[in-house]
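Shown below is the structure under consideration.
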Amino acid sequence: MTKICCIGAGYVGGPTMAMIAKKCPQVQVTVVDINEARIAAWQTDDLPIYEPGLLDVVKEARGRNLFFSTDVDQGIKDADIVFVSVNTPTKTFGEGAGCASDLQYWELCARRIKEVSTSDKIIVEKSTLPVRTAEAMERVLHAGDNPVHFEVLSNPEFLAEGTAIEDLECPDRVLIGGHQTESGQKALQALVDIYATWIPRERILTTNVWSSELSKLTANAFLAQRVSSINAISALCESTEADVADVAHAIGTDSRIGSKFLKASIGFGGSCFKKDILNLVYLCETYGLTEPANYWRSVVTMNEYQEARFVTTMLHSMFNTIANKRIAVLGFAFKADTGDTRESPAIKVCRKLASEHASIVVSDPKAMDNAKLEMPELADDIEFQEDVYKACDGAHAVAVLTDWKQYKDLDFQRIYDSMQKPAFIFDGRNMLDHDALYKMGFEVYSIGKGRKTHLK
Ligand code: UDX
Ligand code: UDX
Ligand code: ADP
């Protein structure tokens, strides 16, 4: 029986291992983490992350061939294959601060693996890492006179939060990078065999380790670049009476461009896009590639502009003062169907609103706990209100920041009636029926579409 251990029970490690365990009953999967509360939660029906469909997958395999444990050393020792799926946040100190990946958790894992292993193992990089990290890891793993052999593979995860289960069940592709040596190819084949249990072989791409590492950063950079590109156009639309949704549709029908990832918004969030682009920027700079570094950095700059522009629009349209005005923020998660608030544009929006002394009330169906933790400095000033109608009661403005489907079905007449007049609504996701809202009496603002106003 093949034994897998995954270090890191987070948004990536948890769902990925649950799917492998579900699909491969012949493989024993143990997910380990130093965070005791997280491991305890994985053992209950109140999982530590919200992800549609995840609980069913976990329940099917948990106790059968899927286990969660805080005994990291034992997990590593027993395993044939060790996935490393720990956090690799942006460095906040020293060289590369604000740009480079902080690899301290990764290196600690590598040292632990080396320390406790008594048999040969395949080590799989699951976390997103700078190109050539595998090389550094191999040096750590093979330092000294350890007789154990470690073969490092790169197997980046492309799942998106909110759709993790579909993405894992039926991925566009799985990417595995291995060394072009006999042992490298043997290890690569072992991992291919696991995924091939449920994924058609032609969708399992194999490359060398460096191409695989770089493809992950590149995929996220391209996706984020599309959002920044359409957001740049949204600003131009607002000045020219073009409609960004029409433009996106018109260009998306060109098969060379494609229709996905062209939704103008308040900006992209999430733990990956910004971090991975900055990582790419840092890598380019490290190799002296100034122009490529600047090109990719501009994707992040554009995103920051879009977040800031949204609040500026709110301020200007509300007669240049929002001090003490009640503003209902609907949605705090960085996207729908997740409770994750990491790098959510809502954080920047709330901070900027607070700097204008607005009275903020935040509502979100799944992200309230994380939202409270994101802005400790504002925790006492912000009201958190699960009930959307109570949040909007008496508000001067409503700002929709997350594309939760249920916001489309709200009783906006009831919301309008309970608000101060003129009642403003800022749709940061272009998801509401703007004509209907305007007819009710709302002052309607959106992204990349003309405003609808009753004011002279
Ligand atoms: C372009 C648009 O494709 C077309 O829709 C528009 O009407 C006019 O402009 P064209 O300039 O004729 O058409 O050729 P295109 O095939 O788009 O190539 C433009 C340039 O980009 C060429 O120099 C081509 O070699 C280059 N290119 C294209 C690349 O370097 N890489 C690619 O992947 C694609
Ligand atoms: C992303 C990648 O999609 C995934 O492949 C990778 O493994 C991890 O990073 P994730 O961050 O979970 O996944 O969500 P994603 O759906 O990509 O959305 C990222 C952000 O972009 C969200 O804030 C979303 O609202 C925003 N977005 C996305 C837009 O503003 N417009 C779009 O058209 C698409
Ligand atoms: P991601 O979104 O990449 O999955 P998360 O932060 O959700 O990132 O998960 C990473 C997990 O890795 C966290 O639960 C953290 O406690 C765990 N972790 C970090 N370092 C170690 C380590 N040295 N040993 C075990 N687990 C670790």
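The numbers here are math on the coordinates, done by the rules we state, and not lab data. Just so it is clear, the model here is predicted, and its values are computed rather than measured. Cβ coordinates were reconstructed from backbone atoms using ideal geometry, including for glycine residues, and neighbour counts include every protein chain displayed.
Say the dipole of region 209-456 comes from +1 at the beta carbon of Lys and Arg and -1 at that of Asp and Glu; which of Thr240, Phe222, Phe273 then lies farthest toward its positive end?
Selected residue: Thr240.
What do you get when you divide the Cα radius of gyration of region 345-404 by 2.2 N^0.38 Å, with N the number of residues?
1.03
What are the extents of the Cα atoms of region 1-54 along their three principal axes, in Å, largest first?
29, 25, 18
Let me ask something else. If you average 1/r across every pair of different Cα atoms in region 217-266 and take the reciprocal, what Kirkwood value do you get, in Å?
Evaluated over region 217-266, this radius sits at 11.1 Å.
Rule-of-thumb check for region 227-356: C-alpha Rg over 2.2 N^0.38 Å?
Relative to the 2.2 N^0.38 Å estimate, region 227-356 comes out at 1.19.
Given the C-alpha atoms of region 168-270, compute the convex hull and give its volume per residue in Å³.
Each residue corresponds to 124 Å³ of Cα convex hull volume.
Can you give the angle from 0 to 90° between the axis of helix 133-142 and the longest principal axis of the chain, with both taken from C-alpha atoms, to the nearest 10?
30
Could you list, in their original order, any pairs among Lys325/Lys372; Lys260/Lys405; Lys408/Lys452; Lys325/Lys452; Lys3/Lys275 whose Cα atoms are separated by more than 23 Å?
Pairs exceeding the cut-off: Lys3/Lys275.
Right, something else. Counting each pair of different Cα atoms once, what's the Kirkwood radius of region 136-222 in Å, rounded to one decimal?
Taking every pair of different Cα atoms in region 136-222, averaging 1/r and inverting gives 14.2 Å.
State the Cα centre-to-centre distance between region 315-336 and region 24-57 in whole Å.
36
If you wrap region 251-302's Cα atoms in a convex hull and average its projection over all directions, what's the area in nm²?
The directionally averaged projection comes out at 4.6 nm².
Here's another thing I want to ask about it. Return the aspartates and glutamates within reach of Lys449: Cα separation strictly under 18 angstrom, same-chain partners fewer than 8 residues apart disregarded; answer none if there are no such residues.
Glu238, Glu241, Asp243, Asp246, Glu307, Asp403, Asp427, Asp433, Asp435
To one decimal place, what Kirkwood hydrodynamic radius in Å is obtained for region 274-432 from all pairs of distinct Cα atoms?
Result for region 274-432 stands at 16.6 Å.
Work out Dmax and Rg for region 1-128 from the C-alpha atoms and quote the Rg first, both in angstrom.
14.8, 46
Under the definition of Cα pairs under 8 Å and six or more residues apart, what whole-number percent is the relative contact order of region 209-456?
Here the relative contact order equals 20 percent.
So, with +1 on the Cβ of K and R and -1 on the Cβ of D and E, and no other charges, what is the size of the charge dipole of the chain about its Cα centre, to the nearest 20 debye?
Magnitude of the dipole: close to 640 debye.
For region 364-439, what percent of Cα pairs sit more than 20 Å apart?
Of all Cα-Cα distances in region 364-439, 34 percent exceed 20 Å.
Then there's this: Report, in degrees rounded to the nearest 10, the 0 to 90 angle that the Cα long axis of helix 13-23 makes with the longest principal axis of the chain.
Helix 13-23 sits at roughly 60 degrees to that axis.
Sticking with this structure for a sec: Percent of alpha carbon pairs in the chain separated by more than 29 Å?
Counting every Cα pair in the chain, those more than 29 Å apart make up 52 percent.
Based on other C-beta atoms within 10 Å, arrange Tyr282, Tyr195 from fewest to most.
Tyr195, Tyr282
Given the DSSP H assignment, sum -39500 (n - 2.57) over each helix run of at least 4 residues in the chain and divide by its residue total; what's the result at 222 nm in deg cm²/dmol, nearest 500?
After summing the helix terms and dividing by the residues of the chain, the value is -13000 deg cm²/dmol.
Report, in degrees rounded to the nearest 10, the 0 to 90 angle that the Cα long axis of helix 345-355 makes with the longest principal axis of the chain.
Here the helix axis deviates by roughly 50 degrees.
Now a separate question. Using DSSP to call loops (not H, G, I, E or B), can you name the trypsin sites (Lys or Arg not before Pro) in region 108-153 whose Cβ has at most 16 other Cβ atoms within 10 angstrom?
Here the sparse-neighbourhood loop sites are Arg132.
Something else about it: Output the relative contact order of the chain, whole-number percent, from Cα pairs under 8 angstrom with separation of 6+ residues.
Reported relative contact order: 12 percent.
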